[in-house]
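Here the structure comes first, spelled out in structure tokens, and everything after it is commentary.
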Amino acid sequence: MNFDLVIRNGTVATASDVFKADVGVRDGRIAALGEGLAAGREEIDAAELLVLPGGVDGHVHFDQPTGDESVMADDFLTGTRSAAFGGTTTVLPFACQEKGKTLRAAVDDYHRRAAGKPLIDYAFHLIVTDPTEQVLGQELPALIREGYTSFKIYMTYDALKLNDRQILEVLDIARSEGAMVMMHAENADCIAWLTEKLERAGQTAPFFHGVSRPRVAEREATHRAISLAELVDVPILIVHVSGADAVEQIRWAQGRGLRIYAETCPQYLFLTADDLDGEGFEGAKCICSPPPRDAANQKVIWDGLTGGAFQVFSSDHAPFRFDGPGGKKVHGEQAPFRCVPNGIPGVETRLPLLFSEGVMKGRMELTKFVELTAANPARMYGLHPRKGTIAVGADADIALWDPSRTVTITNGILHHNVDYTPYEGIEVTGWPVVTLSRGAVICRDGELLAEPGRGEFLPCGLPAPARPKGSPAPVLPF
Ligand code: URP
Ligand code: ZN
Ligand code: ZN
Ligand code: ZN
């Protein structure tokens, strides 16, 4: 039986194994793994290459309205284009509920935003900002059953945050319906109080964004999120963890046997508070929340990645231009940090940065890299085993990596619609040279070979990691 495509002689890696094999693709799926597979209509020689599952980026923001004059620079075309060139084949952007509106309205709105644009497959996380009786009693359970099986809630930002009582109500629905809850854990009142104090003292430059969101504000919210989840008996995933204090809370919870999962992002490995202290307004390029910390905290994040505290490594791609309408300077170059849009781009650089500094520098096994960047996010969000692995039956979403290629990251080589990268000038070794989505080559040596709209919407299954501890044993399928 012939294949549509055979990727020959590569070194295949999954979250558990690294082995030499040909990969046979038929009808967009992996149909065979083995030595000396029969001919394919197309063949790719991967003799010097690594054959990795395409990355699954479980945390990106595309075309998300911000509620003020700022505008995200990437939509579902430019965002997925950038992802694909960075070796990522599945993204999970957010569909954010506007307070006063329904969740259903958000889902419909984001499907319209995506229509005709994505180059790779995508699913949506919901963001629940207004947990009315209608949302809790009907909409959220219905949407979970339709395949929106993960959602984010915020403990900070006035337009988004829930109070503890609301968080409990939402967690209770997640428990009964089997959804995964992502938590943005920062203490809103601490941040508001510090921000006002800093403003009164005239300390409004980008650097003070970091001062206004100290590690203790993240630690307190992380502990509180864990406690609320324990009370309800439901797993949660703490997103974009930045430093030692939050990691300590997460380890403490995991050590007590709680199902507390955690995500971190490149900015907490590669940036520090000093990057917010650039010439003039430069520091605004690195304003994100939680903010980057220091070298000692970067080390704790690395240890958490290799040591098991973190399950997921995502980009938190939140794209705002530095210059130009709706960007970091939307309120002027003298604007206080409070008015600077939060977030940095990184969907394309996520994998090369971790591969180079992690795998190539010997900090991290290749299997661990695949686990953190593809297999685990697929599992956490109900897309496994269709996504995130190289196995017979899985979608042929594959990135071919040249581990010997050295690249200096500059914004000019990236494919997002942002006018800067916070990682300008960093040299990396190892680069994704071919990206395949459902068996189709969509990027090859810097060339885009895909049509907008070819990416499919993925309804998600109920994630196994979201099962509460106290639930009855699952019924086996045999
Ligand atoms: O600063 C950030 N991370 N902005 C994106 C929104 C979020 O909270 O993830
Ligand atoms: Zn304004
Ligand atoms: Zn967040
Ligand atoms: Zn985010």
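The values are calculated or read from the model by the stated rules, or taken from the named source; none is laboratory data. Bear in mind that the values here come from a model prediction, so they are computed numbers and not experimental data. Note: ideal-geometry Cβ built from the backbone for every residue, glycine included; neighbour counts use all protein chains shown.
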Selection count, the stretch 236-294, where residues are within 15 Å of ligand 4 (Cβ to nearest atom) and of a type in the set (Phe, Trp, Tyr): 1
Residues satisfying the stated conditions in the stretch 286-338, i.e. within 16 Å of ligand 2 (Cβ to nearest atom) and of a type in the set (Asp, Glu): Glu333
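Filter the stretch 302-318 down to the residues that are among the aliphatic types (A, V, I, L, M) and more than 16 Å from ligand 3 (Cβ to nearest atom), then identify the one that is farthest from Leu351 (Cα to Cα).
First pass over the stretch 302-318, keeping only residues among the aliphatic types (A, V, I, L, M): 305, 309, 312, 318.
When the remaining residues are screened for being more than 16 Å from ligand 3 (Cβ to nearest atom), the result is 305, 309.
Details: Leu305: 14, Ala309: 19 Å.
By that ranking, first place goes to Ala309.
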Within the stretch 232-267, considering residues that are among the small types (Gly, Ala, Ser) and under 20 Å from Asp294 (Cβ atoms), the one farthest from ligand 3 (Cβ to nearest atom): Ala244
Members of the stretch 239-254 found to be within 16 Å of ligand 1 (Cβ to nearest atom), out of contact with any Lys or Arg (no Cβ under 7 Å at 6 or more places or on another chain) and either small (Gly, Ala, Ser) or on the phi > 0 side of the Ramachandran plot (or both), listed by number: His240
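Starting from residues that are within 16 Å of ligand 1 (Cβ to nearest atom) and among the polar types (S, T, N, Q), keep the ones in the stretch 113-164 and report whichever is nearest to Pro463 (Cα to Cα). Talk me through it step by step, then tell me what you get.
Start the filter on the stretch 113-164 by keeping residues that are within 16 Å of ligand 1 (Cβ to nearest atom), which leaves 124-129, 150-162.
Checking the rest, the ones that are also among the polar types (S, T, N, Q) come to 129, 150, 156.
Numbers: Thr129: 22, Ser150: 8, Thr156: 26 Å.
Among residues in the stretch 113-164 that are within 16 Å of ligand 1 (Cβ to nearest atom) and among the polar types (S, T, N, Q), the one nearest to Pro463 (Cα to Cα) is Ser150.
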The lone exception for Thr349 - which of (1) closer than 14 Å to Gly87 by Cα; (2) modelled with pLDDT under 95; (3) among the polar types (S, T, N, Q) it fails: (2)
Residue list for the stretch 133-158, restricted to those being surrounded by 15 or more Cβ atoms within 10 Å (Cβ to Cβ) and part of a loop (DSSP other than H, G, I, E, B): Gly147, Tyr148, Thr149, Met155, Thr156, Tyr157
Hits in the stretch 270-287 - residues which are in a helix (DSSP H, G or I), of a type outside the set (A, V, I, L, M, F, W, C) and in contact (Cβ under 8 Å) with a residue 40 or more places away in the chain: Asp275, Glu282, Gly283, Lys285
For Pro290: the one exception among (1) away from ligand 1 (no atom under 13 Å from the Cβ); (2) within 15 Å of the chain's Cα centre (by Cα); (3) in a loop (DSSP other than H, G, I, E, B): (1)
Qualifying residues in the stretch 317-358 (those that are more than 16 Å from ligand 4 (Cβ to nearest atom), small (Gly, Ala, Ser) and surrounded by 19 or more Cβ atoms within 10 Å (Cβ to Cβ)) - the one nearest to Ile426 (Cα to Cα): Ser356
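Would you be able to tell me the number of residues in the stretch 67-90 that are within 16 Å of ligand 3 (Cβ to nearest atom) and at pLDDT 95 or above? It would help to see each step written out before you state the result.
In the first step, residues of the stretch 67-90 are kept if they are within 16 Å of ligand 3 (Cβ to nearest atom); the result is 67, 70, 72.
Add one more test, that the residue is at pLDDT 95 or above, and what stays is 70, 72.
So the answer is 2.
Could you say whether any residue in the stretch 34-41 is in a strand (DSSP E or B), of a type outside the set (A, V, I, L, M) and surrounded by fewer than 18 Cβ atoms within 10 Å (Cβ to Cβ)?
Initial filter on the stretch 34-41 (in a strand (DSSP E or B)): 34, 40-41.
Filter once more, so that each one left must be of a type outside the set (A, V, I, L, M): 34, 40-41.
Checking the rest, the ones that are also surrounded by fewer than 18 Cβ atoms within 10 Å (Cβ to Cβ) come to 34, 41.
Scanning the stretch 34-41, I find at least one residue that is in a strand (DSSP E or B), of a type outside the set (A, V, I, L, M) and surrounded by fewer than 18 Cβ atoms within 10 Å (Cβ to Cβ), so the answer is yes.
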Evaluation of Ala296 against (1) part of a helix (DSSP H, G or I); (2) surrounded by 24 or more Cβ atoms within 10 Å (Cβ to Cβ); (3) aliphatic (A, V, I, L, M) (one fails), failing number: (2)
